[in-house]
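Chemist: Right, I'll just put the structure down here and ask away after.
The values are calculated or read from the model by the stated rules, or taken from the named source; none is laboratory data. As the structure is a prediction and not an experimental result, all values here were calculated from the model. Positions of Cβ are backbone-derived with ideal geometry, glycine not excepted, and every protein chain shown enters the neighbour counts.
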Amino acid sequence: MRPQADQPGDSPRSLLASWGLSVLFHLALLLVLAWLLQTAPAGLREEPAREAGVVLKHFTPEGEYYEGESEQQVSAKQQATETTAVVENTLAALATEPAELDPRDRLPELPTIGPSQSSDNALGSAAELTQGAVQPQAARGGKARVRIYNVEGEGRKFVFVFDRSVSMTGAPLASAKGELIRAIESLDSTHQFQIIFFHHAPRSFDLSGGQNRIPFADERTKAIAAKFVGGMTADGGTDRYAALSMAVGMRPDVIFFLTDVDDPMSALEVERIRRRNRETTAIHTIEFGQGPTIGEDNFLKRIARENRGAAVYVDISKLGD
């Protein structure tokens with residue numbers, strides 16, 4: 001037999017050719033993949049990561065707000081909503097308002113004076129204004145001027161302290177009661193007054209159940225006060241300090257203190273009145289005496305002098321004239 005020929009082995013040339021083909025194949029494959037990635041649709045590309053969550057929205061009578069909002073943020077939203085509503089309402093009102101209005105429609109209706117009514121009749125005569133029968137509107141609610149005999153006091157709150165001891169029997173007490181009722185009638189409902197009659201004990205015109213409040217001078221109160229004054233009688237001794245001290249404690253603007261100088265108040269009592277008052281109230285004194293005054297200093301003049309008041313003298317012998 002013929003011996004077989006030897007098979008050809010892998011030569012270096014053949015190996016290099018195989019590697020070259022492999023490299024070319026893989027390079028081509030990479031180029032194709034790169035081209036495919038560049039031409040891929042946009043929806044397939046990767047997007048940056050974003051946070052997602054659920055937000056709760058609340059509806060209330062005051063408005064709507066989101067869960068997690070602070071009170072300041074909610075308040076600011078509410079104020080913005082209210083401001084918007086006000087602006088819208090204002091614009092709507094302006095849109096419906098007539099373009100031109102008669103100026104008389106904006107003024108209150110004033111009374112007219114007819115042919116039979118003169119301006120003097122409408123406002124009152126000069127004499128009536130002087131006497132206080134007709135008061136201007138601006139004067140209401142202001143201070144009142146009250147006169148007892150020849151002394152006058154000005155204020156809004158008055159206390160009348162009148163003696164009704166046995167020495168006042170007859171014409172003196174009758175005259176004092178008449179002066180008092182006229183003084184009360186001169187007040188209007190914005191003023192206040194209190195009455196204290198005294199002999200050995202004080203008795204006040206009390207409508208407050210023992211609290212000694214000073215009532216206002218309305219018509220009903222003045223009518224009740226007139227009956228109270230009219231029912232007073234003269235008897236008993238005289239304790240001036242208790243009544244005057246009670247009046248000072250009410251802190252009025254003016255006190256009218258009417259009495260005689262028999263059995264006078266002590267210097268200590270007069271000093272206590274001064275210290276308690278501290279010049280808060282003007283205390284006017286009316287001295288009842290028999291015959292002409294001799295001008296001597298006494299406790300009534302001292303009380304008036306030390307408490308911003310005035311002192312007058314009344315000759316009771318002439319009261320019946």
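Chemist: When the stretch 266-310 is examined, which residues are found to be surrounded by 12 or more Cβ atoms within 10 Å (Cβ to Cβ) and small (Gly, Ala, Ser)?
Modeler: Scanning the stretch 266-310 gives Ala282, Gly289, Ala304, Gly309, Ala310.
Chemist: Okay, next question. Identify the residue in the stretch 268-321 that is assigned to a loop (DSSP other than H, G, I, E, B) and among the β-branched types (Val, Ile, Thr) and, among all such residues, is farthest from the chain's Cα centre (by Cα).
Modeler: My answer is Ile294.
Chemist: Just checking, does the stretch 235-246 include any residue being under 34 Å from the mean Cα position of the chain (by Cα), of a type in the set (S, T, N, Q) and modelled with pLDDT of 95 or more?
Modeler: Yes, some residue in the stretch 235-246 is under 34 Å from the mean Cα position of the chain (by Cα), of a type in the set (S, T, N, Q) and modelled with pLDDT of 95 or more.
Chemist: Also, I was wondering about something else. Suppose we filter Thr281, Thr293 for residues that are closer than 22 Å to Glu152 by Cα, of a type in the set (S, T, N, Q) and free of Cβ contacts under 8 Å to residues at least 24 places away in the same chain; which single one remains?
Modeler: Values: Thr281 fails: free of Cβ contacts under 8 Å to residues at least 24 places away in the same chain.
Of Thr281, Thr293, the one residue that is closer than 22 Å to Glu152 by Cα, of a type in the set (S, T, N, Q) and free of Cβ contacts under 8 Å to residues at least 24 places away in the same chain is Thr293.
Chemist: Name every residue in the stretch 150-160 that is at pLDDT 95 or above and assigned to a loop (DSSP other than H, G, I, E, B), in order of residue number.
Modeler: Passing the criteria: only Arg156.
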